[in-house]
Amino acid sequence: MIIQGAEQLVARVKTWKDSHQVAIYWSSAAAFLSIAAFLHLWRIGSAPPGFYADECSIAYNAYCISQTGADEYGTHLPVFFRSFDVYYDPIDVYSVALPIHLFGLHEWAARLPAALYYLTACFAFYMLLRVWRFGKWFALGGSLLLSVIPWVFPLSRNCAYAGHTAALLGLVMGIILTDSALRRRSNWQALLAGSAWASSFYAHQSVYPVLTLMAVGCGVVLWRPLIRRWRVVLVITVAALATLLPMIISALRFPEALTARFQQVGIFSKATPMRDVIMGVASRYLDYFSPRFLFISGDHELRHHTGCGGELYWCLAPLILVGLYVVIRYWRQQPHYRIVLVGLLVSPVSAALTVDRMHSTRCVYAVIFWLLLASVGARALWRHRRVGRKLLLVICAAGLIESTAYLADYFGPYQTVCRHAFMAGLTEGLEYSFDRINSNQILYVDDSVGVPYGVVHMRADFKPLIYTHLLFYGRIDPWSYQHQGFSNSIIQPYLGRIDKPGILLRCNSTRDHRDLSSFAGIKNHIPIPTGAELLATFEEETPLEYQVFKLK
């Protein structure tokens, strides 16, 4: 009796302890999810400030699709969207069409899909770690870390990078579904896996060589299990090709949709000796494994990076080193480790083929494999009870401090530093102007407005750069613009004279009221009309400011 009672008491204590641990875990998961959602959605329309030209173009094309079923050029349901003489990928625009249709032309509505794709990718990363037999706390910590990693966090609050966050989601889901389909020999999961891989191709063009080389690399290092499951591999391939059929047909009809952007940024775009090209590609490829890129300075472009630290947190460095040791030592026994190594090696290929150096968005897929490597290192440290666990706790504390400092910088000083990068002065000036103009007035736009962005003389259609902002903030009717351009709108270029009362938007130097040469190399030679009243000025942390005048 006594022994039986003691056993029952022990069982009850164990049950209570297990339920208590489960409650703590799910409470922590709910708290982490709430924090991640808050960080990605809070002030999404105003942080970062302004609205870059690519964002305006994507948002307005989504508006056109939602209203007329055609893009700004009148092309009905295109696969690729022409803008600025390059082409946007379909997920960029079609993802934004629904929130724009529901909520209108607002910055936050256009940026919402990028954040939602990223949050979903973080949840998928949690599932990937669980599928690969990581503990639930490791999976939870890895997904939370991905949600605030400097490599991707700024992209998730910018609608021009919805394709990048969608490609991350497609990559992670492709790995999960392929793993499950191969283990279970499941044809329906193979169909889903093929569709997931294909969705990444629709998301962004930079993923094409990465996924192609990853498929080849995994085929080489995993050829034995893949041959034994060749039917599943065949179903995945057929499903991916069937899903990609509209893109393939569109690319065959309009090949410039795939080649236009690469012709602009590709390292092969200039007549360069092949030896120099090979050396350039090799040096750029190695850049993406350098401590300078990963931990010190990162991408120099303020739209991609805050300029504070690298693309990864310093606290990840020891975890990555330990994980690299474990992966290299046991890669023969663990197929998952081989996938991580292949992913790391192929992720920078797209970026290495372009002229820019240390361009984080073109190799953003590498972040998944770096964090997988760090997760392997964290698990290895946890298994060493004496020293490893204490070191891991110190690393976690350092990571908490480091991520908090990064987020404080992002929502603090960075919001001032990045104003010019996101064209904040121009967008605020346009928004202010359109709020104060009526249908009987004209918004006159001076040549100088395009100067900070390299547009010296504006044409009647305001191309190549300024027109997207006029379309977005002017709420120009899609049907009218598709057929008549700006001809019947309330917007005109300012040529020194006025036909109707209205508002004038111009750019001027804060150093010299008449001279823009200190910044752009030209002078604002067109005089302000007599009797014009200065209403407001908007600065961008440069020697230039935007001025709004009321014209009588």
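Things worth noting here:
- Residue check for Leu252: without any contact (Cβ under 8 Å) to a residue 12 or more places away in the chain, of a type outside the set (Lys, Arg) and over 15 Å from Val355 (Cα atoms): yes
- Selected residue (only one of Ser66, Ser46, Ser34, Ser95 is modelled with pLDDT of 90 or more, in contact with a His (Cβ under 8 Å, 6 or more places away or on another chain) and under 21 Å from Tyr117 (Cα atoms)): Ser66
- Scanning segment 60-79 for residues that are surrounded by fewer than 24 Cβ atoms within 10 Å (Cβ to Cβ) and among the aromatic types (Phe, Trp, Tyr) yields a count of 1.
- Selection within segment 92-124 - outside any helix (DSSP H, G or I) and without any contact (Cβ under 8 Å) to a residue 24 or more places away in the chain: Gly104
- Only listed residue being modelled with pLDDT of 90 or more and over 24 Å from Gly450 (Cα atoms), chosen from Thr75, Thr15: Thr75
- Whichever residue in segment 82-133 is among the basic types (Lys, Arg) and surrounded by fewer than 24 Cβ atoms within 10 Å (Cβ to Cβ) and, among such residues, is farthest from Leu244 (Cα to Cα): Arg133
- Any chance Tyr330 is modelled with pLDDT of 95 or more and of a type outside the set (Asp, Glu): no
- Scanning segment 428-454 for residues that are within 26 Å of the chain's Cα centre (by Cα) and surrounded by fewer than 24 Cβ atoms within 10 Å (Cβ to Cβ) yields Glu428, Glu431, Gly450, Pro452, Tyr453, Gly454.
- Some residue of segment 78-91 being assigned to a strand (DSSP E or B) and under 15 Å from the mean Cα position of the chain (by Cα): yes
The values are calculated or read from the model by the stated rules, or taken from the named source; none is laboratory data. None of these values were measured; they are calculated from a predicted model. With ideal geometry, Cβ positions are generated from the backbone for all residues, glycine too; neighbour counts draw on all protein chains shown.
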